[in-house]
Amino acid sequence: MGLFDAVREKAAELLSGATDKVSELTGTDLADAQQNATDTAQNLGEGAQGYADQAQGAGQDIAGHATDAAQNTTDSVIDPAIGGDIDPRGQR
């Protein structure tokens, strides 16, 4: 269970309790309002999870690009005249 699922369930639980208390005090049935609020909380949780997934994907893309750039830099250090790596100390 993810963080957003836990928050959504807790919000629904608290809303249910509050709805019951208001219904007891006022004599009005608030079941429809509770369902609408629960649905809204669920939609918000799903939306937040979607944004978290997108951020994770973007982070993975950035890491992949950085890895590729490092590999390209390493590959460009090869001296084509001798076909080997260039020794940073000047020795071959």
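Couple of notes before you dig in:
- Span per principal axis, largest first, for the Cα atoms of the range 3-76 (Å): 77, 15, 10
- Residue-by-residue Karplus 3J(HN,Hα) for the range 47-59, coefficients 6.51, -1.76, 1.60, Hz, glycine and proline x: x, 5, 5, x, 5, 5, 5, 5, 5, 5, x, 5, x
Every number here is computed from the coordinates shown, using simple stated rules; none is lab data. Not measured: the values here are computed from a predicted model.
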